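Trainee: First, the structure itself, so that you have it in front of you.
The values are calculated or read from the model by the stated rules, or taken from the named source; none is laboratory data. This is a predicted model, so every value here is computed, not measured. Quick reminder, even Gly has a Cβ in these numbers, built from the backbone with ideal geometry, and neighbours come from all protein chains shown.
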Protein chains: 2
Amino acid sequence: MLVVGERLNSTRKSVAPAIKNRDTEFVKKEASAQAEAGAAYIDCNAATVGKDAEPEALCWLVETVQSVVDLPCALDSPNAAAIEAALQVHRGTALINSITAESSKYDDLARLAAESGSKVIALAMGDDGIPSTAEDRLKVARELVANLNRAGVAIEDIFVDPLVFPVSSDPENGRRVMQVIEQIREEYPGVHTIAGISNVSHGLPKRFLLNQAFTVLCMGAGLDAAIIDPLDERLMSLIIATRALLGQDEFCMDYISAARADKLIV
Amino acid sequence: MLVVGERLNSTRKSVAPAIKNRDTEFVKKEASAQAEAGAAYIDCNAATVGKDAEPEALCWLVETVQSVVDLPCALDSPNAAAIEAALQVHRGTALINSITAESSKYDDLARLAAESGSKVIALAMGDDGIPSTAEDRLKVARELVANLNRAGVAIEDIFVDPLVFPVSSDPENGRRVMQVIEQIREEYPGVHTIAGISNVSHGLPKRFLLNQAFTVLCMGAGLDAAIIDPLDERLMSLIIATRALLGQDEFCMDYISAARADKLIV
């Protein structure tokens, strides 16, 4: 289970001013804490500064993060100019977050992904917006996988995101995500699946609890990457337990090591 | 999700002497606490007193439990004589825990279930012991469902138990259970599935954490009943969250009510 640390996102209240003011210490602290907690990628989103200022802000964010942690970043923007700029300063293999099947944006982002050899998150949405059924999202996902692969992105570098929406607005929103994950795993064994878990709990109390349970449910359906808050120790403990339960942790060694290091919060 | 409270089981260290000494207060306290915490059935197991003494001990246990809580019991014994005696004193519709396809025991227990109109847990094992693969357990489960139904037990009164074994002894033990649950749900929409969750964590540290994650995983696969410790507040909170995430809680009302009553432990 690959964890993308979601905390350095400018849509979060404390992060927007830190980016605007180029608060290096804040960013370093958040990056280090997420790396320490087990993130494999640090998500970097500077979108709230506005489209014109975003390339420079995202470059600063990525460079600041990589000045303290030895991890790749998830370059989080729908803006090809920002992604292109960030790829110039990024060290290692980046994860582009994200590409959609929207024709106005697809070509530029697909070219950037292929040319840079980056990994890429493919959101199951296109020119008609967000499909409401699992079947329609699968159609868009299949199209994206085929086109990205044809454009030169390796199958194992594609992370399909089924799009997570709150269960408070539609009780089927959770199941729908699980169905897309299961189906993608079955149809494309090499393709990864990823989800921005916390959207599921929007508008409900005790969101951490829903995020924890939904991560476990999605792992059961086959999810192998998640955009989450790695500082939620309960969530990280449940992920370690779930890997053992799904036979993904040989001899339960990671689980037992985490228990011995007193890292498992019950 | 139907919760069978597992605490009054004579294989637990504190319970065996309480049953042997007919400690009424201990039993009443355990029964009340489990009912209060949300159990729908109270499991009653007196097997450690020995086969000859078991019928009387089980009757005492059931009567003591039902003197304080208005809930049915799960009559937990492989011993037909103990089940038969307990059914005489039990009020309401009991859950017989359990029947197997073993020919030496099947007929007596099936007759008791059908005659008393009880619900029954059908363990996926027969004369050849416990099948190691999911497919072989499904074969036994199909045979049990067909035979019990023919004997007069209604389809919706049958709870198939896929048999939970520790992931510490075989990393596939978790997946196997999930596969049997999924398949039974698909083949027999009316039949329930139930699992004794805590076996999965045997031999590993921080067992509560594994039990919590496994309950969520099995619910994702379709489990609709579980034999668990309802006094684990984290587990009960995750169950409430999981029901909301799976679309089993209309408008998330149960979830929101539990949050308002401060019953959700994150």
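Matching residues to (1) modelled with pLDDT of 95 or more; (2) of a type outside the set (A, V, I, L, M, F, W, C):
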position	(1), (2)
B:Thr48	yes, yes
B:Val69	yes, no
B:Pro78	no, yes
B:Ala101	yes, no
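Trainee: Being polar (S, T, N, Q) and more than 25 Å from A:Asn9 (Cα to Cα) narrows it down to one residue among A:Asn149, A:Asn97, A:Asn79; which is it? Steps first, please.
Mentor: Working: A:Asn97 fails: more than 25 Å from A:Asn9 (Cα to Cα); A:Asn79 fails: more than 25 Å from A:Asn9 (Cα to Cα).
Just a single option satisfies the conditions, and that option is A:Asn149.
Trainee: Now for a different question. Give just the number: which of (1) over 22 Å from the mean Cα position of the chain (by Cα); (2) crowded, with 22+ Cβ neighbours inside 10 Å does A:Glu250 not satisfy?
Mentor: That leaves (2) as the condition not met.
Trainee: Let me ask you something else. Given the conditions (1) touching an Asp or Glu at 6+ places or on another chain (Cβ under 9 Å); (2) outside any strand (DSSP E or B); (3) closer than 26 Å to A:Ala40 by Cβ, which single one is not true for A:Asp108?
Mentor: Result: A:Asp108 fails condition (3) only.
Trainee: Restricting to segment A:105-135, give me the number of residues that are farther than 17 Å from A:Ala94 by Cα and surrounded by fewer than 16 Cβ atoms within 10 Å (Cβ to Cβ).
Mentor: 9
Trainee: Related question: Buried (at least 20 other Cβ atoms within 10 Å of the Cβ), under 20 Å from A:Ser98 (Cα atoms) and hydrophobic (A, V, I, L, M, F, W, C): is that true of A:Ala53 in this structure?
Mentor: Against the criterion (buried (at least 20 other Cβ atoms within 10 Å of the Cβ), under 20 Å from A:Ser98 (Cα atoms) and hydrophobic (A, V, I, L, M, F, W, C)), A:Ala53 does not qualify.
Trainee: Scan segment B:181-217 residue by residue and report those that are free of Cβ contacts under 8 Å to residues at least 12 places away in the same chain, surrounded by 21 or more Cβ atoms within 10 Å (Cβ to Cβ) and farther than 22 Å from A:Asp262 by Cβ.
Mentor: Within segment B:181-217, none qualify.
Trainee: Still on this structure, please answer the following. Only one residue in B:Pro205, B:Pro230 is over 17 Å from A:Ala221 (Cα atoms), part of a loop (DSSP other than H, G, I, E, B), of a type outside the set (A, V, I, L, M) and more than 8 Å from chain A (Cβ to nearest Cβ). Which one?
Mentor: Values: B:Pro205 fails: more than 8 Å from chain A (Cβ to nearest Cβ).
Only one candidate qualifies: B:Pro230.
Trainee: Can you tell me which condition B:Asn97 does not meet? The list is (1) assigned to a loop (DSSP other than H, G, I, E, B); (2) in contact with an Asp or Glu (Cβ under 7 Å, 6 or more places away or on another chain); (3) under 19 Å from B:Ile227 (Cα atoms), and all the others hold.
Mentor: Of everything listed in (1) assigned to a loop (DSSP other than H, G, I, E, B); (2) in contact with an Asp or Glu (Cβ under 7 Å, 6 or more places away or on another chain); (3) under 19 Å from B:Ile227 (Cα atoms), B:Asn97 misses just condition (1).
Trainee: Those residues that are in a loop (DSSP other than H, G, I, E, B) and facing chain A (nearest Cβ under 9 Å), I need them from segment B:169-202; list them, please.
Mentor: First, the residues of segment B:169-202 that are in a loop (DSSP other than H, G, I, E, B): B:169-172, B:188-191, B:202.
Within segment B:169-202, B:Asp170, B:Pro171, B:Glu172 qualify.
Trainee: In this structure, does A:Asp157 turn out to be farther than 23 Å from B:Glu182 by Cβ and in contact with a strand residue (DSSP E or B) (Cβ under 9 Å, 6 or more places away or on another chain)? Talk me through it step by step, then tell me what you get.
Mentor: Details: farther than 23 Å from B:Glu182 by Cβ: yes; in contact with a strand residue (DSSP E or B) (Cβ under 9 Å, 6 or more places away or on another chain): yes.
In short, yes.
Trainee: Is it the case, given these coordinates, that B:Ile83 is touching a Leu at 6+ places or on another chain (Cβ under 7 Å), more than 22 Å from B:Ala226 (Cα to Cα) and in a helix (DSSP H, G or I)?
Mentor: On the way: touching a Leu at 6+ places or on another chain (Cβ under 7 Å): yes; more than 22 Å from B:Ala226 (Cα to Cα): no; in a helix (DSSP H, G or I): yes.
For B:Ile83, the condition - touching a Leu at 6+ places or on another chain (Cβ under 7 Å), more than 22 Å from B:Ala226 (Cα to Cα) and in a helix (DSSP H, G or I) - is not met.
Trainee: Turning to a different aspect of this structure: Would you pick out the residues in segment B:36-54 that are of a type in the set (A, V, I, L, M), in contact with a helix residue (DSSP H, G or I) (Cβ under 8 Å, 6 or more places away or on another chain) and within 22 Å of B:Phe159 (Cβ to Cβ)?
Mentor: If we filter segment B:36-54 for residues that are of a type in the set (A, V, I, L, M), which is where we start, we get B:37, B:39-40, B:42, B:46-47, B:49, B:53.
Checking the rest, the ones that are also in contact with a helix residue (DSSP H, G or I) (Cβ under 8 Å, 6 or more places away or on another chain) come to B:37, B:42, B:46-47, B:49.
Listed by number, the residues that qualify are B:Ala37, B:Ile42, B:Ala46, B:Ala47.
Trainee: What about B:Lys119, is it among the basic types (Lys, Arg), at pLDDT 95 or above and either in contact with a Leu (Cβ under 7 Å, 6 or more places away or on another chain) or closer than 22 Å to B:Ala195 by Cα (or both)? Lay out the reasoning, then the answer.
Mentor: Working: among the basic types (Lys, Arg): yes; at pLDDT 95 or above: yes; either in contact with a Leu (Cβ under 7 Å, 6 or more places away or on another chain) or closer than 22 Å to B:Ala195 by Cα (or both): yes.
In short, yes.
Trainee: Now for a different question. Check B:Pro171, B:Pro162, B:Pro205, B:Pro166 and return the single one that is touching a helix residue (DSSP H, G or I) at 6+ places or on another chain (Cβ under 8 Å) and closer than 22 Å to B:Cys44 by Cα. Can you show your working first?
Mentor: On the way: B:Pro171 fails: closer than 22 Å to B:Cys44 by Cα; B:Pro205 fails: closer than 22 Å to B:Cys44 by Cα; B:Pro166 fails: closer than 22 Å to B:Cys44 by Cα.
Going through B:Pro171, B:Pro162, B:Pro205, B:Pro166 in turn, the sole match is B:Pro162.
Trainee: Examine segment A:143-155 for a residue that is surrounded by 21 or more Cβ atoms within 10 Å (Cβ to Cβ) and part of a helix (DSSP H, G or I), and state whether such a residue exists. Working first, answer last.
Mentor: The initial filter retains those residues of segment A:143-155 that are surrounded by 21 or more Cβ atoms within 10 Å (Cβ to Cβ), namely A:144, A:148, A:153.
Of the ones still in play, those that are also part of a helix (DSSP H, G or I) are A:144, A:148.
Among the residues of segment A:143-155, at least one is surrounded by 21 or more Cβ atoms within 10 Å (Cβ to Cβ) and part of a helix (DSSP H, G or I), which makes the answer yes.
Trainee: Name the residue that is nearest to the other protein chains (Cβ to nearest Cβ), counting only residues in segment B:237-262 that are in contact with a helix residue (DSSP H, G or I) (Cβ under 7 Å, 6 or more places away or on another chain) and assigned to a loop (DSSP other than H, G, I, E, B).
Mentor: Just the residues of segment B:237-262 that are in contact with a helix residue (DSSP H, G or I) (Cβ under 7 Å, 6 or more places away or on another chain), to begin with: B:237-247, B:249, B:252, B:254-255, B:258.
After this cut, where a residue has to be assigned to a loop (DSSP other than H, G, I, E, B) as well, the list is B:246-247, B:249.
Values: B:Leu246: 6, B:Gly247: 4, B:Asp249: 8 Å.
Result: B:Gly247.
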